[in-house]
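Participant: Sharing a structure with you now.
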Amino acid sequence: MLEIRNLVVRRDHKSPRVLNQISLSVNRGEKIAILGPSGAGKTTLFRTISGFLPILAGSICVDGVEVSGLRGRRLRNLRSQIGMISQRHDLVDRLGVHQNVMAGALGRWTTLHALRFLLRPKAAELEEAKRALSRVALERKLRSRTSDLSGGEHQRVAIARALVQQPLVLLADEPVASLDPILSGQILSLLCSLANENGFTLLCSLHQPDLAYEYFDRVIRIEAGKIASDEPRQAAASPAVEVAVGA
Amino acid sequence: MPGLESALSLLRQFFPPDLSFSYIRAETAPLFETLEIAAGAMFLALIIGLLFSLIIGARLPGSRALYGLLTTFRSIPDLTLAILCVVLVGLGPSAGTLALTLFYSAAMGKIFADLFSSADPGAIEALHATGATRSMIAFYGLLPLRLKDLLTYGGYEFESAIRASVIVGAVGAGGIGTELVGSLNMTDYHRATTLIIMLVALIAAVDFLGFYVRRQPKLLLVLAAFGAAAAWHHWPHLMVVTQALKTFRTMVPPQLPAEAVRELPTLIGQTLLIAIGGTLMAVICALPLGVAAARNISPLFISFPVRRLLEALRAVPEIVWGLILIGIAGLGPKVGILALGLHSAGALGKLYAESLENVAAEPVMAMASTGGSTLSIAGFAVLPLAFAPMTVHTLFRFEWNMRAATIVGMIGAGAIGGALFNAQQLFFYRQMMAYVLITWAMIMITDAANVRLRKYWRVSEEL
């Protein structure tokens, strides 16, 4: 599903390597947590998989498609297969909740269709938005202003948008960084159960080792742009490793 | 279509421009003088405006009164100030520098104060929590939080000051404005075109410079040094205080004869028609042009020429558009609407494009990650995110056009400006002062209405 080979990435020509010789193989439907301190390269890895940052060396293949060198329509096609949610939620406050949710369909819509939806959404499209919101228990907020949502609701709307996108891979970049422990658990549980139901691959970067071991199949630790450990949950959850990772 | 034929025939008289080396060389000095007036006035206005706005932003004692004073002072159109300054310090660039310093100190002071007042309250509260004084918060919080917007506005106001220095030149305050109005009055249209081209080139150079200053703020030091030298060179060294007081005594108390009172509703209606019509026309033109000029939406082969078109539209001041269009549209409010519409389309188009370029990158990237086309992403993310600053710019432009409606009125578009100019020409200074006060009241009411609209649309906090 996702094959990364000897990946090297820099943010710009002057900066040092943010990712240095990363190699990773991910199977369809796997749920992987990526742990690491701030600046380790987690966000850079996700942005590179989505084709937002150029690859200096190595390769990334998503469902058999090489990311490097893609442009225009082919890049957009790839992006429509990769959902992305982040710690900042990245919703557009000025849009309604239904508009933010249906933005997930932009990759399969024509430009005219997208602009028509902004002005006059069809009943079927609103129904699709409502269905996605009901999966995150927010259908009552369908016609709300996004700026009126709470932090947890923001995150759930971002997940609903990813559901509408129907991605093969969902990249969740510290999705619970600004949430309290109870809400964090609820969001991660929701993400994992949706991944099971829909069959998409989930890569989720986190700061909290306990959450990683509780919810994910596999835990990868990145340090200074390199993979420091890559273990299945059973192994990682052993007390010795837990202490090492938590240190 | 005889109207169209005469319009085309008049337009043809503007071409070809006089591009002889001797003429261009002769006009370089007044062009440089225009730049000096703008730079000198802006240097002083930046210092005064920034100081005032920090006092207001930090809510130091007297800040409310100071804000009221700035609001009042910027409601006097710059051309009116220039006429007063010519009377005070005589003909020449000193009058222009003084008039623009007064006008832009108030204008920038108010805009900067509005920016500071809407700075991130969380960050300001965090600084308060450290026990910092209000002055410390101004320098550690307000300035860094709003630096990017200050630079954007500073650059825009500098451009605006260059056009204003052309306008004040028209009443004898020096620079290329005197030359341009002279050419148009003498129907020497070929040379007028040359001067307009030179002006467009100057505005383009300033726009280019503004782009680099935003990237390399250190360049501001070079500009500041030039501004300081220009201000020193042109600042009036001898104020004719007694002459100024004597003239002022002939202006008070303001008085309107009965006939003028009867005409007043028509004049006010015409002024509003020019300002609203001009702004509407500008918005309709600036929306597609702004999208086309935004570098993050349109490809370079579209954005580059559209940016040059916008520069050309706004490089020509409203008063000059008015003088050019009178031959085509005739006298009356119509010429005012067209003049304001064309100039404001250039100004708003540029501000719309910058608003679109300055939107937060993260939500746009999140939309792009869904695989949507560039235009879909513009519709779903860039435009909604830029809605607040674009609305604020439009409302500020409407405020600006209320002042500009007075200025174009002076050259034949009628309205209050025409009546004011006639009174001044006939030395009816008490009547002139009455019209100045009515103009000021109209602008104050418009400003207050704009504040309410910004709150209603929830855009005041999002510039």
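Participant: Among the residues of segment B:415-445 satisfying the criterion of being small (G, A, S) and surrounded by fewer than 23 Cβ atoms within 10 Å (Cβ to Cβ), which is farthest from B:P257 (Cα to Cα)?
Facilitator: B:A441
Participant: Hey, another quick one. So which of B:G379, B:G371 is without any contact (Cβ under 8 Å) to a residue 12 or more places away in the chain, farther than 30 Å from B:Q270 by Cα and part of a helix (DSSP H, G or I)?
Facilitator: Selected residue: B:G379, the only one of B:G379, B:G371 that is without any contact (Cβ under 8 Å) to a residue 12 or more places away in the chain, farther than 30 Å from B:Q270 by Cα and part of a helix (DSSP H, G or I).
Participant: Determine if segment A:59-74 includes at least one residue that is more than 8 Å from chain B (Cβ to nearest Cβ) and within 27 Å of A:T146 (Cα to Cα).
Facilitator: For segment A:59-74, residues more than 8 Å from chain B (Cβ to nearest Cβ) and within 27 Å of A:T146 (Cα to Cα): absent.
Participant: Next question, about the same structure. Quick check: is even one residue across segment A:117-129 surrounded by 24 or more Cβ atoms within 10 Å (Cβ to Cβ), farther than 27 Å from A:L211 by Cα and not assigned by TED's automatic domain parsing to the domain that holds A:L190?
Facilitator: Checked against the condition, which is being surrounded by 24 or more Cβ atoms within 10 Å (Cβ to Cβ), farther than 27 Å from A:L211 by Cα and not assigned by TED's automatic domain parsing to the domain that holds A:L190, segment A:117-129 yields at least one hit.
Participant: Considering segment B:370-426 alone, what residues qualify as being of a type in the set (F, W, Y) and within 11 Å of chain A (Cβ to nearest Cβ)?
Facilitator: B:F380, B:F387
Participant: Just to be sure before I move on: is B:I162 more than 24 Å from the chain's Cα centre (by Cα) and either of a type in the set (A, V, I, L, M) or closer than 25 Å to B:T406 by Cβ (or both) in the structure I sent?
Facilitator: Here the answer is no, as B:I162 does not meet what is asked.
Participant: Okay, next question. Of the residues in segment B:329-353, how many are of a type in the set (D, E, K, R) and more than 26 Å from B:P299 (Cβ to Cβ)?
Facilitator: Selection size over segment B:329-353: 1.
Participant: Hey, another quick one. Please specify each residue of segment A:117-150 satisfying the condition of being modelled with pLDDT of 90 or more and within 13 Å of B:G379 (Cα to Cα).
Facilitator: Across segment A:117-150, the qualifying residue is only A:F117.
Participant: (1) in a helix (DSSP H, G or I); (2) touching a Ser or Thr at 6+ places or on another chain (Cβ under 6 Å); (3) of a type outside the set (D, E): which one isn't true of B:R295, the others all being true?
Facilitator: Among (1) in a helix (DSSP H, G or I); (2) touching a Ser or Thr at 6+ places or on another chain (Cβ under 6 Å); (3) of a type outside the set (D, E), the lone unmet condition for B:R295 is (1).
Participant: Now, a different point. Would a scan of segment B:295-311 turn up a residue that is at pLDDT below 90, out of contact with any strand residue (DSSP E or B) (no Cβ under 8 Å at 6 or more places or on another chain) and closer than 18 Å to B:R397 by Cα?
Facilitator: Yes: segment B:295-311 contains one or more residues that are at pLDDT below 90, out of contact with any strand residue (DSSP E or B) (no Cβ under 8 Å at 6 or more places or on another chain) and closer than 18 Å to B:R397 by Cα.
Participant: Taking B:L356 as meeting all but one of (1) hydrophobic (A, V, I, L, M, F, W, C); (2) within 14 Å of chain A (Cβ to nearest Cβ); (3) farther than 15 Å from B:A286 by Cβ, write down the number of the exception.
Facilitator: (3)
Participant: When residues of segment A:169-182 are filtered for being buried (at least 17 other Cβ atoms within 10 Å of the Cβ) and either aliphatic (A, V, I, L, M) or not assigned by TED's automatic domain parsing to the domain that holds A:S38 (or both), how many remain?
Facilitator: Of the residues in segment A:169-182, 6 are buried (at least 17 other Cβ atoms within 10 Å of the Cβ) and either aliphatic (A, V, I, L, M) or not assigned by TED's automatic domain parsing to the domain that holds A:S38 (or both).
Participant: Scan A:G107, A:G96 and give me the residue that is farther than 28 Å from A:T44 by Cβ, in contact with a Ser or Thr (Cβ under 9 Å, 6 or more places away or on another chain) and of a type outside the set (K, R).
Facilitator: Answer to the check: A:G96.
Participant: State yes or no: is B:V86 in contact with a helix residue (DSSP H, G or I) (Cβ under 9 Å, 6 or more places away or on another chain), part of a helix (DSSP H, G or I) and crowded, with 24+ Cβ neighbours inside 10 Å?
Facilitator: So B:V86 fails the test.
Participant: Follow-up. So, in segment A:76-98, exactly how many residues are more than 15 Å from A:V169 (Cα to Cα) and more than 7 Å from chain B (Cβ to nearest Cβ)?
Facilitator: Residues in segment A:76-98 being more than 15 Å from A:V169 (Cα to Cα) and more than 7 Å from chain B (Cβ to nearest Cβ): 6 in total.
Participant: Name the helices (runs of 4 or more DSSP H) wholly inside segment A:91-201 in which the number of residues that are of a type in the set (D, E) is 1 or more.
Facilitator: A:123-135, A:151-165, A:181-198
Participant: Let me ask something additional. Within segment A:147-156, does at least one residue satisfy the condition of being among the polar types (S, T, N, Q), under 26 Å from A:A40 (Cα atoms) and in the same structural domain as A:Q99 (by TED's automatic domain parsing)?
Facilitator: yes
Participant: Restricting to segment A:99-122, and then to whatever is more than 8 Å from chain B (Cβ to nearest Cβ) and touching a residue at least 60 places away in the same chain (Cβ under 8 Å), can you tell me which residue is farthest from A:S144 (Cα to Cα)?
Facilitator: Only one residue fits best here, namely A:M102.
This table checks each residue for (1) within 18 Å of the chain's Cα centre (by Cα); (2) part of a loop (DSSP other than H, G, I, E, B); (3) not aromatic (F, W, Y).
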residue	(1), (2), (3)
B:L150	yes, no, yes
B:G155	yes, no, yes
B:V166	yes, no, yes
B:G174	no, yes, yes
B:T178	no, no, yes
B:T193	no, no, yes
B:I197	no, no, yes
B:V200	yes, no, yes
B:L220	no, no, yes
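Participant: Could you count how many residues in segment B:161-178 are at pLDDT 75 or above and either among the hydrophobic types (A, V, I, L, M, F, W, C) or surrounded by fewer than 22 Cβ atoms within 10 Å (Cβ to Cβ) (or both)?
Facilitator: Residues in segment B:161-178 being at pLDDT 75 or above and either among the hydrophobic types (A, V, I, L, M, F, W, C) or surrounded by fewer than 22 Cβ atoms within 10 Å (Cβ to Cβ) (or both): 7 in total.
Participant: What's the total number of residues in segment A:56-71 that are crowded, with 19+ Cβ neighbours inside 10 Å and in contact (Cβ under 8 Å) with a residue 24 or more places away in the chain?
Facilitator: 2
Participant: Hey, could you check segment A:1-37 for residues that are in a loop (DSSP other than H, G, I, E, B) and more than 17 Å from the chain's Cα centre (by Cα) and say which is surrounded by the most Cβ atoms within 10 Å (Cβ to Cβ)?
Facilitator: A:R11
Participant: Evaluate the following for B:A329: is it among the small types (G, A, S), within 21 Å of the chain's Cα centre (by Cα) and surrounded by fewer than 24 Cβ atoms within 10 Å (Cβ to Cβ)?
Facilitator: no
The values are calculated or read from the model by the stated rules, or taken from the named source; none is laboratory data. In this text, all values refer to a predicted model and were calculated from it rather than measured experimentally. Backbone-built Cβ (ideal geometry, glycine too); neighbour counts: all protein chains shown.
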